[in-house]
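A quick write-up on the structure given underneath.
The values are calculated or read from the model by the stated rules, or taken from the named source; none is laboratory data. What you see is a predicted model, and the numbers here were worked out from it, not measured in a lab. Ideal geometry is used to build each Cβ from the backbone, glycine not excepted, and the neighbour counts take in all protein chains shown. Calculation scope for accessible area: heavy atoms of the full protein, side chains included, ligands and nucleic acids excluded. Shrake-Rupley method; radii C 1.70, N 1.55, O 1.52, S 1.80 Å.
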Amino acid sequence: MTAPAPLELDIRALLARGEEPFAAIMSAVDQLEAGQALRLIAPFRPAPLFGVMANRGFDCADRERPDGAWEVTFTPLGPAPDTGLAPGSAPGAAFWPDPAQVLDLAGLPPPEPMVRILETLAAMTPGEVLFALLDREPMFLFPELAHRGHEWAGNFAPDGLSYRLMIRS
Amino acid sequence: MPGKQLSPWTLAWFGAAMLFLLLSLATAMSGAVGPGDWSRGAGFAAVHLFTLGWLCLMVMGALVQFVPVLTAQPLARPRLALPALLLGAAGTLALAAGFLWLDGHEAMRPFLRAAPVLLALSFGLTAAMIAPPLLARASRALSEVRMVLLALVALAALWISGTAMALQLGGVDRMPDILPEGLPLHVLIGIGGWLSLAAFGVSYKLFAMFLLAPEQTGPVRRAVFGAAWLALVAMLGAGAALLAGYPVGAWVFAALAVLLPIAAGFYLAEVARIWRLRRRPKPEGNMLWSRAALMFLALASILAGPGLWQGGVWAEAAIFVALAGWLSLLTLAQIIKITSFLTWIQIFAPRIGRSPVPQVQQLTDPRTDTLCLMLWSGGVAAATLSLLLSWPSVFRLSVAALFLAALAVAVELVRIRRLSHLDPSLRPASLPPVIRPVPVPVPQPEIRT
């Protein structure tokens, strides 16, 4: 089976308009088919992205084009090992530091858990980890985390009655 | 990755369904239907504006929105949401127009041939979005997903039976003639199959969510599924026999008169279990009024027995209670909550931690909501009684009450979208459009590593 052609995303126009490209990039990553690479065209070498993409299981190769733009190809490193984490979880979460904040949000009506988590994250230092215990999978929180550039890893407890979530600030 | 959980066109589905509800009730108010009077073209039009335009589009919109929540998988091809909605609305209008041929409007007949095609495209596009996450290996075992899948099988059967009848009326001689024997089966597949089973599946998840109850499956859910499966097999078997030219045996209706109330009874027992296990001491209005809808389900199940045996006013009342009491009241009660929740997520989720955010409850006006739903429930009760006693004038008055209640809910939904109930100090300077929820510009985060 041959890999599908890379998905190309040019963020130069977006940046020229003064817009933030992170959400667009993550949205493009979400659209990738299995085995498909992402080719990103940027006006500068997007070094901060390399770590984020490595964490999500992508290898990267970059080159400067004759026109001065940078072309970075993120290639998926094959299927991630089954870590027992929910789809969308950051594969590198096992190497994160111990949680700096722990929230028990069981028994709170939605969207209260989301409010508590995002308010706590906003007050944390980048790189710190938040651990939260919830009644259910916070489906409406995940897009907001992606939008704000937070990585997360989560799964149900073995009894299926609570959801454990780690988020990196 | 479960990324975009808010389908951008959800509110367009809800809005279109609300318009169809108002249109169908207005048609009914004008005298298109009444006790013992459902078979004129205008009557079929009113009924289909209600069942297809209001309930079916609402259920499809709800599935497009909530299948990712049920399955923890993203929708496949979310861009199909708008074409699916437009085709569904066009198909509904075409079918309603086509039925007017029965009243002597000759020019309307071709619409009976066009409607099934438009509806097939709409259902097909919707299935293309929701079937892959529903059929994913991780989701197939979930009780709510299995119920929705059963409902989708019923939807296919509903379309086949409806198409056979519409084409027969439209003068196309391609499918076997199944009128009039096919009509009761079509009604049963629509209400007892597609609409009710989809409502069962989605409500397992939403009720647990709104009541803060644990999401556990158990023997009762398997019993609901078993009874519903058997009922659907009986309906599909009878439908297939009819298409093959055999009459529907009386045993089918006898079996359904037992199986459908059993499925409903197990479902009610399961909801009672969720209710008992709730961690929220005081359920909100949406759940209290859903409880009233569940009582209408119980009433419809009781009326279904004589309705299936004797037909006549019992069948009319059973069908009316199921459509207007159980399915519509459930939808109206939840739509207020869901619209306020989605509006809150859309406008305030990006602001959490950056500025003060209101509570979801502040977006609604519980008093207005209670009055609307009380009026609706009263209208359903009075209309049911008027059907049982064959009182046309009371029926018409009751439908007027339903229209007023629906109009008030529609106004309330627009007010929720415009944040009209919210203190102006908490209202953002710019609001998203009422229908299309394009993201609101917010202070942008920096790229984090």
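Can you pull the percent of chain B's accessible area that's carbon plus sulfur, 1.4 Å probe, other chains left in place? The partial results should precede the final answer.
On the way: 12090 of 17490 Å².
Heavy-atom surface of chain B belonging to carbon and sulfur, 1.4 Å probe: 69 percent.
The base-10 log of I(q)/I(0) for chain B, evaluated at q = 0.09 Å⁻¹, reads -0.56 [Debye formula, identical scatterers on Cα atoms, solvent excluded].
Can you give the angle from 0 to 90° between the axis of helix B:366-388 and the longest principal axis of chain B, with both taken from C-alpha atoms, to the nearest 10? It works out to around 10 degrees. In percent, what relative contact order does region A:7-76 have, based on Cα pairs under 8 Å that are 6 or more apart in sequence? 33 percent. Solvent-accessible surface, computed for protein heavy atoms with a probe of 1.4 Å, shrinks by 40 Å² or more for the following residues of region B:265-282 when the other protein chains are added to the isolated chain: B:ARG279.
For region B:218-259, just say rounded, prolate or oblate: build the C-alpha gyration tensor, square-root its eigenvalues into a ≥ b ≥ c, call rounded for a/c under 1.5, and beyond that prolate if a/b exceeds b/c, oblate if not.
On the way: a/c = 6.61, a/b = 2.31, b/c = 2.87.
Verdict is oblate for region B:218-259.
With respect to chain B, whose longest principal axis is taken over its alpha-carbon atoms, helix B:285-310 is tilted by about 10°.
Which peptide among A:29-35, B:32-38, B:138-144, A:162-168 comes first, and what is the full order, when sorted by highest mean count of other Cβ atoms within 10 Å?
On the way: A:29-35: 14.1, B:32-38: 19.0, B:138-144: 17.1, A:162-168: 21.3.
Result, highest mean first: A:162-168, B:32-38, B:138-144, A:29-35.
Protein heavy-atom surface of region A:94-168, 1.4 angstrom probe: 56% of the accessible area is carbon and sulfur, with nucleic acids and ligands not counted. Volume of the convex hull of region B:400-439 (Cα atoms only), normalised per residue: 62 Å³.
Do you know which residues of region A:138-160 lose at least 50 square angstrom of accessible area in the protein assembly compared with their chain on its own, with a 1.4 angstrom probe? Output list: A:MET139, A:PHE140, A:HIS147, A:ARG148.
Rounded to two decimal places and with Rh computed the Kirkwood way over Cα pairs, what is Rg over Rh for the protein assembly as shown?
Values: Rg = 25.9 Å, Rh = 26.0 Å.
Result for the protein assembly as shown is an Rg/Rh of 1.00.
Its relative contact order, with pairs defined as Cα atoms under 8 Å and 6+ residues apart, puts region A:94-168 at 35 percent. Between 0 and 90 degrees, the angle of helix B:219-243 with respect to the longest Cα principal axis of chain B falls at about 40 degrees. Dividing the mean sequence gap of close Cα pairs (under 8 Å, 6+ apart) by how many residues region A:47-153 holds gives a relative contact order of 25 percent.
I'd like the carbon and sulfur percentage of the solvent accessible area for region A:7-76, probe radius 1.4 Å, heavy atoms only, ligands and nucleic acids excluded. Walk me through the intermediate numbers first.
On the way: 1690 of 3310 Å².
Within region A:7-76, the accessible surface is 51 percent carbon and sulfur.
Over region A:94-168, the ratio between the Cα radius of gyration and 2.2 N^0.38 Å evaluates to 1.01.
Which percent of the Cα-Cα distances in chain A go past 25 Å? Walk me through the numbers before you get to the answer.
Numbers: 5474 of 14196 pairs.
Of all Cα-Cα pairs in chain A, 39 percent lie more than 25 Å apart.
Measuring between their Cα centroids, region B:321-338 and region B:201-267 lie 19 Å from each other. Across peptide B:341-354, the average count of Cβ atoms from other chains found within 10 Å of a residue's Cβ is 4.
Once the 1.4 Å probe is applied to the protein heavy atoms, chain B comes out at 39 Å² accessible per residue. Partner shielding of B:20-32 amounts to 0, given as the average count of beta-carbon atoms from other chains within 10 Å of each residue beta-carbon.
Look at where the Cα atoms of region A:136-160 and of region B:122-141 average out, and the two centres are 22 Å apart.
Chains B and A together bury roughly 3500 Å² of accessible surface, counting both sides and using a 1.4 Å probe on protein heavy atoms.
Work out the mean other chain Cβ neighbour count within 10 Å for the residues of A:105-113 and drop it here as an integer.
On the way: counts 0, 2, 3, 3, 10, 7, 9, 2, 0.
The per-residue average across the peptide is 4.
Heavy-atom accessible surface of B:TRP326, to the nearest 10 Å², is about 0 Å², with a 1.4 Å probe and all protein chains retained. Solvent-accessible surface, computed for protein heavy atoms with a probe of 1.4 Å, shrinks by 40 Å² or more for the following residues of region A:17-40 when the other protein chains are added to the isolated chain: A:GLU20, A:ASP30. Each part gets one Cα centre, and for region B:160-196 versus region B:350-388 those centres are 35 Å apart.
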